[in-house]
Structure formats: structure tokens, C-alpha cells
Amino acid sequence: SAGYASPSPPPQPPPEQDLPNIVFLVVESTDGRTWTPGYSNDVIPMPNIRELQRSGVEFRRHYSNAPVCCPSRATFWSGRHASEIPHEHDGIRVGGAWNNYEGLPLNFTDRIDQVLSRVTNYNVKVSGKTDWVTGGHSENVYLNAWSMYARFPYSVNQSGGWYTEVPADSCGSSGHVKQGGGAKTGSAHAGDWHTADNTTAWIKEIVKLNPERPFFVFQGMDIVHPPYATNQFYNSTIDRSKVEVPAWQPLMEMHPCDFQSSMLKGCTPSDLDAPGFYDNHRRREIRALYYAMIAEFDTMVGEYIRAVKQAGVWDNTVFIVTSDHGDMQMEKQQFYKMVPYDASASVPMVIFDGRNPLQNGRVITDTTQLIDIFPTVMELAGVNDTLLPPKLGGHSLVPMMSSQPDRARISQRPDFVVSQFHGDDIGMSWFLVVQTTNVSTYKMIVWGSGEQVPALLFDLQTDPNEEKNLIDTAEGMEAHKGLVQMLDRNLRSVVDYPTVAQSVAQYNWNSLHKWIARTPGWKDEIHKSSLRWSKSWDQDVNGSFTALNQFLESPPGIQACRLNLTWTTN
């Protein structure tokens with residue numbers, strides 16, 4: 001199908017005049033709210049991102065289309081929604097980039113960098129973390145995802161429940177501060193610095209070698225991804241008095257799918273571990289280390305700003321700086337991403353165009369999404385619409401970036417965005433739609449086919465922490481009936497979520513059956529000690545196998561999230 005490898009002659013590149021250089025930086029795991037001036041009492045020092053914001057465009061309702069590493073990158077590098085990336089993997093037809101094991105197939109030929117190399121004269125360099133390819137993650141990832149609907153036994157009070165992330169390395173950890181260090185030295189993220197040094201050196205060298213030829217340069221960073229780690233230098237930049245500790249609700253008052261994600265992530269401690277886990281000081285420290293990592297990333301951004309200025313091309317370079325997904329950073333008793341709340345699903349983004357610096361910058365509160373980056377880069381690079389790949393789900397942001405915004409083109413954009421996920425550390429497939437109306441900005445979250453557990457509706461302007469579900473009563477549902485119908489209609493216009501949720505359930509079932517058939521000694525392999533869920537298995541080995549066998553012997557289907565402190569198999 002289109003977008004996959006097939007021989008074709010390269011089209012004639014567009015003329016180079018007036019084409020900008022493009023610096024594209026993608027950090028890991030950064031909550032979309034954290035770059036907003038005033039966030040948490042301006043606790044995070046970020047002078048370089050602020051420099052870009054002052055003369056650029058800041059996007060404050062920007063969303064990841066699949067908030068986990070590989071699926072997210074697969075979406076924005078291809079410009080497609082996760083449910084529009086079908087492929088074959090291990091002999092199984094896969095409907096999309098469903099989990100961290102499913103991304104772009106190896107024969108995909110329409111990534112941003114591939115299109116630029118094929119149809120333009122840009123010098124293209126891709127460095128650092130890419131993580132967009134199918135099959136790129138570990139056994140932990142696919143076994144966890146495929147068994148999502150197995151009803152494994154657990155006891156939260158006795159052992160912390162059934163967890164697929166080791167608590168000591170996740171929610172139960174207090175993070176790590178590396179002794180010593182400076183702004184660039186002694187970093188806990190030395191690999192990112194090594195890549196940044198090499199890539200910024202390349203910028204300066206390529207401008208010298210071919211000053212007339214524009215460049216596109218990308219670095220993907222690992223920093224900000226858990227585990228939460230920093231050095232003494234950056235740790236000292238975070239004023240603990242400004243760090244806000246989120247309130248947590250009792251476990252049995254959570255939405256069932258929130259409870260399951262908290263448990264699966266190792267964030268529901270046993271009775272024995274509860275006092276230390278729930279300590280406010282520990283939770284504040286975790287958030288402080290998270291903010292310290294963002295501050296260090298800002299310094300990396302500064303290295304790129306400096307390199308572009310030293311190369312003498314500042315006034316002809318566009319910076320696009322964003323994240324692949326967010327991080328719950330202790331909100332709703334979770335860390336990590338994977339869930340539909342803004343801490344996880346929204347991402348920050350700033351675009352600065354050196355050809356057109358904006359006095360006092362601009363803030364965009366319209367909903368935008370990561371797959372908008374693909375058509376934005378193509379327009380900046382002068383790629384004719386006839387050369388664009390099929391199935392692009394986003395819209396160029398260029399009309400929002402000019403000194404006089406193109407209102408006609410902006411009005412043609414949908415006023416909503418959609419995201420989805422189907423993999424690790426969740427109890428069910430979920431889908432979200434965020435839409436701005438003339439009243440407010442609303443988010444609706446649907447799990448499975450929409451029938452198994454209650455949907456959620458939030459007013460993001462009056463309830464930014466997503467604490468009040470507007471449709472949790474019959475009265476609320478009736479009052480918002482028209483809004484819910486509109487949001488549901490718009491969500492379905494992008495993804496037929498009941499069909500997709502069932503398709504994922506079938507894929508999980510097929511994949512696990514095939515893995516068992518090809519894996520000698522699979523019963524030992526599936527709970528070997530190196531897998532993160534091994535301790536959960538070992539709490540009740542017989543009960544775990546009973547649950548797995550019940551899953552394998554039943555027709556594939558969507559199972560509702562459980563809200564139980566204890567679960568036993570029959």
C-alpha cells in the first residue's frame with residue numbers, strides 16, 4: 001500500500017530559495033503543561049525555551065496521538081493516526097501502532113526524513129532516539145500488552161497487586177541524584193549530551209561546507225524519561241517550596257481503569273509499604289527530580305540555539321521543540337505515560353521561525369497534535385502538496401506562525417484532536433477527543449467499545465486537573481447530552497473505536513497464541529525472573545496460569561477494568 005517500499009523515480013526537488021533550516025528536537029516524557037509560564041510557581045528554570053517562546057509560537061493544547069514512545073513517534077514521523085498504520089508483524093496482520101512493540105514497518109518509506117531526502121535538496125541528519133520501528137521493544141512490552149484482558153489474580157493489601165513495572169524502579173523509587181556535576185559535566189544523561197555535541201558540531205560544519213543548501217536536523221533525547229535521575233547541579237536549581245504535591249483520592253473511589261493503571265505501574269503499595277510510599281516529602285522529591293531533568297533539557301536546547309547563532313543562520317532557521325508524550329509525575333497516583341489525562345497525553349511545543357520573529361510571541365490555545373508536525377515541516381520545506389504521502393491525519397501549523405495569521409486556512413482545521421492507546425500498563429484500550437467550543441475546551445475519554453466502563457467528560461478550562469467528571473450522574477449526562485453526542489461523532493470520524501478496540505483484543509489473543517506456539521518452554525519463559533512482572537506471577541503461580549488459560553481458551557473480547565483490591569481466579 002502507499003507509504004511502503006516500492007520503486008519510483010525521485011520527483012524534481014523544489015527550488016531552494018527562501019527555504020529555512022529546520023531544527024527538530026524531541027524530548028522524552030514531558031507533561032504538556034510544564035513549559036507554560038507560571039506552571040507550579042515557575043519552578044523550572046528554562047531560559048532557552050523561554051527565548052524561543054518570546055519570539056515564537058507556544059502551543060498550549062497540544063496532544064500526543066498515542067502517548068507511548070514507539071507508537072507516538074510512529075504517528076508523528078509518518079503523519080498518521082495510530083489506527084492508520086497497518087502492517088504485518090510475525091505473520092500476524094496488525095491494524096495499527098497499538099503498543100510499544102508495534103510501530104512503523106521496516107519497509108515504510110514515508111517518514112519525514114525520507115520524504116525530505118527523496119523530494120527536496122535538504123541536508124538531512126537524524127540523531128539520538130528514533131524508536132519508531134515495529135519490533136523494537138522487549139519481551140516485557142509485548143507480553144504485557146497481549147495479556148491485557150487476562151484476569152490475573154492479585155492482592156493490593158498483601159503484595160501491592162499485580163504490577164508489570166517493578167515498584168522499586170518506578171512509583172516506589174525516590175529517584176537518584178548523581179553526586180557532583182555541572183551544567184554539561186557529570187550528567188546522569190551523558191548519552192544525550194554526547195549526541196547533542198556531535199549534532200551541533202555537524203550543524204556548524206555543514207553550513208561551512210554548503211551554506212546555500214538548507215538543513216533539517218533532528219535529535220531525539222532520552223532525558224526526562226523515568227527513572228527520575230539528575231545530578232547535584234540541576235537538583236539544586238529546583239526550589240522545593242514551589243513544588244506542588246498532587247492530592248490522591250482513595251483507591252476505591254478511582255475510575256476502574258485508573259486503578260488498574262496505578263496498580264500495573266507499581267503505584268498501589270502493600271499495607272507494609274504504604275507509609276513510606278504515601279509520604280508527601282518523597283512525592284515532592286520525585287517531582288523535583290522530574291523538573292530538574294526538564295531544566296537540563298533546556299540547557300541542551302541552548303546548545304542548539306548557540307550552534308545556529310555561531311553558524312550565522314539564526315535568522316533563517318526554524319526550531320520545532322516538543323515531546324513524544326507526557327508523564328503523570330505522581331498525579332492520580334501514577335508515574336509514566338500511557339493514560340488519557342493531560343499530564344500523560346498532552347505535550348508542550350514551541351515553534352520559532354528566525355525569518356519571522358514575533359514581537360512578544362504568540363500563544364495558541366486551539367487544539368493541535370503531534371501529527372500536525374509532518375505537514376508543517378513539508379510546507380516549510382516547500383514540498384508541493386502533490387508530493388505528500390497519503391493518509392496524513394494532521395494539518396500544517398504554518399498558518400498560525402506568520403505575523404498575520406491566515407484565518408481562512410486556520411478555519412479549515414478541525415477544532416478537535418484525537419488520541420488513543422492499546423498497550424502496556426492499562427486495563428483497556430482507550431480513546432480521547434479534545435475539542436474547543438465557543439464555551440470552553442472539553443475532553444471526553446472512552447474505554448473499549450464505550451459499553452464496559454463509564455466514559456469521562458472534563459471541562460479543561462475550569463477543571464485543568466481533570467477531577468470532576470461532568471457525566472457521572474444521570475443529571476450530568478442529560479445536561480451534556482448534546483456535547484457528548486458531538487464529541488462522540490467527531491471521535492468516530494477519526495477512529496471507529498468500537499471496531500478498533502475489538503480488533504486490538506483479537507490481535508492480542510492471536511499474538512499470544514502464536515508466541516506460545518513458537519516458544520519452547522514458554523511456561524518458564526513467561527514468568528522468568530528477568531521480566532518485570534515475575535514477582536506478580538510468583539505471588540500465585542497456579543492462579544496466574546489459570547487466568548492465562550481462561551483468557552486463551554475464551555473467544556477474544558474486551559474485558560472491563562476491575563476495581564477490586566483483591567482478585568482471585570476460579
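The values are calculated or read from the model by the stated rules, or taken from the named source; none is laboratory data. Predicted model only: the values in this text are computed from it and were never measured. We place every Cβ from the backbone using ideal geometry, glycine too, and count neighbours over all the protein chains shown. Ligands, DNA and RNA are excluded from the accessible area calculation, which covers all protein heavy atoms including side chains. Shrake-Rupley method; radii C 1.70, N 1.55, O 1.52, S 1.80 Å.
Being under 22 Å from Gly427 (Cα atoms), under 29 Å from the mean Cα position of the chain (by Cα) and modelled with pLDDT of 95 or more is true for just one of Leu487, Leu470, Leu460, Leu512. Which residue is that? Full working, then the answer.
Numbers: Leu487 fails: under 22 Å from Gly427 (Cα atoms); Leu470 fails: under 22 Å from Gly427 (Cα atoms); Leu460 fails: under 22 Å from Gly427 (Cα atoms).
Only one candidate passes the filter, namely Leu512.
I'd like the full set of residues that are in a loop (DSSP other than H, G, I, E, B), open to solvent by less than 40 Å² (accessible area, probe 1.4 Å) and farther than 19 Å from Val26 by Cα, limited to the range 382-401.
The initial filter retains those residues of the range 382-401 that are in a loop (DSSP other than H, G, I, E, B), namely 382-384, 388-397.
Then drop every residue that is not open to solvent by less than 40 Å² (accessible area, probe 1.4 Å), which leaves 382-383, 389, 393-394, 396-397.
Gly382, Val383, Pro389, Gly393, listed by residue number.
If you take just the strands (runs of 3 or more DSSP E) that sit entirely in the range 412-527, which of them hold at least 1 residues that are within 30 Å of Ile92 (Cα to Cα) and small (Gly, Ala, Ser)? Steps first, answer last, please.
Values: elements: 416-421, 430-436, 441-447, 456-459.
Counting at least 1 such residues, we get 416-421.
From the list Met401, Met428, which residue is within 27 Å of Arg73 (Cα to Cα), in contact with a strand residue (DSSP E or B) (Cβ under 9 Å, 6 or more places away or on another chain), at pLDDT 95 or above and not acidic (Asp, Glu)? Steps first, please.
Details: Met401 fails: at pLDDT 95 or above.
Every option except Met428 fails the conditions.
List every residue pair whose Cβ atoms sit under 8 Å apart, with the two residues 6 or more apart in sequence or on different chains, where the first one lies in the range 21-37 and is on the phi > 0 side of the Ramachandran plot and the second, anywhere, is crowded, with 24+ Cβ neighbours inside 10 Å and in a strand (DSSP E or B).
If the second residue must be crowded, with 24+ Cβ neighbours inside 10 Å and in a strand (DSSP E or B), the pairs left are Ser29/Ser323.
Among the residues of the range 187-212, how many are over 30 Å from Asn231 (Cα atoms) and open to solvent by 70 Å² or more (accessible area, probe 1.4 Å)? Full working, then the answer.
Here is the first cut: in the range 187-212, the ones over 30 Å from Asn231 (Cα atoms) are 205-212.
Applying the additional criterion that residues be open to solvent by 70 Å² or more (accessible area, probe 1.4 Å) yields 205, 208-209, 211-212.
Total meeting the criteria: 5.
Would you please list the contacts, defined by Cβ atoms under 9 Å and residues six or more apart or on different chains, that run from a residue in the range 519-540 that is among the polar types (S, T, N, Q) to a residue that is part of a loop (DSSP other than H, G, I, E, B) and open to solvent by 50 Å² or more (accessible area, probe 1.4 Å)?
Every condition considered, the pairs that remain are Ser534/Lys528.
So, restricting to strands (runs of 3 or more DSSP E) that lie completely within the range 36-131, which ones have at least 3 residues that are open to solvent by less than 20 Å² (accessible area, probe 1.4 Å), hydrophobic (A, V, I, L, M, F, W, C) and farther than 30 Å from Tyr507 by Cβ? I'd like the intermediate steps shown before the answer.
Numbers: elements: 57-59, 87-89, 92-94, 123-128.
No strands (runs of 3 or more DSSP E) qualify here.
Among the listed residues Ala311, Ala274, identify the single one that is under 18 Å from Gln249 (Cα atoms) and open to solvent by 10 Å² or more (accessible area, probe 1.4 Å). Step through it out loud before you land on a result.
On the way: Ala311 fails: under 18 Å from Gln249 (Cα atoms).
Step by step, each of Ala311, Ala274 is checked, and only Ala274 is under 18 Å from Gln249 (Cα atoms) and open to solvent by 10 Å² or more (accessible area, probe 1.4 Å).
I'm trying to understand the selection: among the residues of the range 464-485, which are open to solvent by 50 Å² or more (accessible area, probe 1.4 Å) and among the aliphatic types (A, V, I, L, M)?
Ala474, Met477, Ala479
Within the range 547-570, which residues are in contact with a Ser or Thr (Cβ under 6 Å, 6 or more places away or on another chain) and open to solvent by 50 Å² or more (accessible area, probe 1.4 Å)?
Hit for the range 547-570 is Thr566, nothing else.
Looking for something in a loop (DSSP other than H, G, I, E, B), touching a residue at least 60 places away in the same chain (Cβ under 8 Å) and within 14 Å of Trp162 (Cα to Cα) - is there at least one such residue anywhere in the range 240-249?
Checking the range 240-249: not a single residue is in a loop (DSSP other than H, G, I, E, B), touching a residue at least 60 places away in the same chain (Cβ under 8 Å) and within 14 Å of Trp162 (Cα to Cα).
Across the range 377-393, what is the total count of residues that are without any contact (Cβ under 8 Å) to a residue 40 or more places away in the chain and more than 20 Å from Arg413 (Cβ to Cβ)?
Result for the range 377-393: 1.
Would you pick out the residues in the range 226-243 that are open to solvent by 30 Å² or more (accessible area, probe 1.4 Å) and modelled with pLDDT of 95 or more? If you could, list the steps in order and put the result at the bottom.
Let us first name the residues in the range 226-243 that are open to solvent by 30 Å² or more (accessible area, probe 1.4 Å), namely 227, 232-233, 235-237, 239-242.
Within the range 226-243, Gln232, Phe233, Asn235, Ser236, Thr237, Asp239, Arg240, Ser241, Lys242 qualify.
Check Leu563 against each of (1) part of a helix (DSSP H, G or I); (2) in contact with a Pro (Cβ under 9 Å, 6 or more places away or on another chain) and name the one condition it does not meet.
Result: Leu563 passes all but (1).
Which pairs do you get when a residue that is free of Cβ contacts under 8 Å to residues at least 40 places away in the same chain, found in the range 413-442, comes within reach of a residue that is polar (S, T, N, Q), reach meaning Cβ atoms under 8 angstrom, with the pair 6+ apart or on two chains?
Matching pairs, first to second residue: Ser440/Gln461; Ser440/Thr462.
Does Gly448 qualify as being more than 24 Å from the chain's Cα centre (by Cα) and either open to solvent by 50 Å² or more (accessible area, probe 1.4 Å) or over 22 Å from Pro414 (Cβ atoms) (or both)? It would help to see each step written out before you state the result.
On the way: more than 24 Å from the chain's Cα centre (by Cα): no; either open to solvent by 50 Å² or more (accessible area, probe 1.4 Å) or over 22 Å from Pro414 (Cβ atoms) (or both): yes.
In short, no.
Within the range 258-272, can one find any residue that is farther than 26 Å from Thr30 by Cβ, modelled with pLDDT of 95 or more and small (Gly, Ala, Ser)?
Keep residues of the range 258-272 that are farther than 26 Å from Thr30 by Cβ, which gives 269-272.
Filter again for modelled with pLDDT of 95 or more, leaving 269-272.
From what's left, small (Gly, Ala, Ser): 270.
Scanning the range 258-272, I find at least one residue that is farther than 26 Å from Thr30 by Cβ, modelled with pLDDT of 95 or more and small (Gly, Ala, Ser), so the answer is yes.
Just to be sure, is Asp327 closer than 21 Å to Ile49 by Cα, out of contact with any strand residue (DSSP E or B) (no Cβ under 6 Å at 6 or more places or on another chain), touching a residue at least 40 places away in the same chain (Cβ under 8 Å) and buried (at least 24 other Cβ atoms within 10 Å of the Cβ)? Explain how you work it out, then say what you get.
Working: closer than 21 Å to Ile49 by Cα: yes; out of contact with any strand residue (DSSP E or B) (no Cβ under 6 Å at 6 or more places or on another chain): yes; touching a residue at least 40 places away in the same chain (Cβ under 8 Å): yes; buried (at least 24 other Cβ atoms within 10 Å of the Cβ): yes.
Yes; evaluated as a whole, the condition is true for this residue.
Looking only at the range 244-269, which residues are open to solvent by less than 10 Å² (accessible area, probe 1.4 Å), of a type outside the set (A, V, I, L, M) and touching a strand residue (DSSP E or B) at 6+ places or on another chain (Cβ under 8 Å)?
Cys257, the sole residue that qualifies.
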